[in-house]
Amino acid sequence: MAAFLRQSSLSGNSLANCSERSQRSQQARSFGPVLAGTWRKVNKVDDGWKKGFWGSGYFNEGNASPDNNYLKRIEAKKLLSTIEKSGLLSKADKAGLTLSRIEQSKLLSTAENLGLLATLERLLVTDPGKVTALSIPFFLASAGILVLFPHDNGALQLLQYLLLALTVGVTVTFFAGGFVLASLQDD
């Protein structure tokens, strides 16, 4: 009977398939713990966990580390070719904004000294919902400005409209900025 099984092509294929499956499962086990989770949240193994009366559990929920390679994202979204097709660079050139003018005015070194580039980098990894939520207090302030300012004095009305324009501008900037940030962070 054993000789018959050794000669059977069916048993040879199934033995080969079994050995391939076992090699794949050994490779999968050699990579370490598997991370699983939903968007931006992962369940991961806590190596320092010890069993105790008030133990928090073997798995901890943590945040996934964001992928900060924005150059690859810009390349994937074809942002530069879109800017080129829109004619934005020629419009900036006609307005007098050229690379040599930026270099002469030392805008980049000033931005670097003021820490604006680090702030921009932190903003790019911020949760877009938090940025959008920042628009709520300014929206409420604009509603308060409309209701609380009296309409009998011309100077107060001018102040009301200026403050209203400022708060509505900030509201729209934060609200739209959160959605722009979400589109930049999408994979």
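The values are calculated or read from the model by the stated rules, or taken from the named source; none is laboratory data. The structure displayed is predicted, hence computed values, not measured ones. Cβ atoms come from the backbone with ideal geometry, glycine included; neighbour counts cover every protein chain shown. Ligands, DNA and RNA are excluded from the accessible area calculation, which covers all protein heavy atoms including side chains. Shrake-Rupley method; radii C 1.70, N 1.55, O 1.52, S 1.80 Å.
So the values come out like this:
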quantity: Matching residues in the range 160-187 - criterion: being open to solvent by 80 Å² or more (accessible area, probe 1.4 Å) and either in a helix (DSSP H, G or I) or more than 20 Å from K130 (Cβ to Cβ) (or both); calculated: Y161, L162, L166, V172, T173, F175, F179, V180
quantity: Pairs with Cβ under 8 Å, 6+ apart, first in the range 104-131 and within 22 Å of T171 (Cα to Cα), second open to solvent by 90 Å² or more (accessible area, probe 1.4 Å); calculated: P128/F179
quantity: Test result for L134, at pLDDT 85 or above and in contact with a Phe, Trp or Tyr (Cβ under 7 Å, 6 or more places away or on another chain); calculated: yes
quantity: Unique match (being out of contact with any strand residue (DSSP E or B) (no Cβ under 9 Å at 6 or more places or on another chain) and within 20 Å of S183 (Cα to Cα)) among S86, S100, S109; calculated: S86
quantity: Answer residue from the range 135-159, given it is in a helix (DSSP H, G or I) and not aliphatic (A, V, I, L, M) and is nearest to L120 (Cα to Cα) among those; calculated: S135
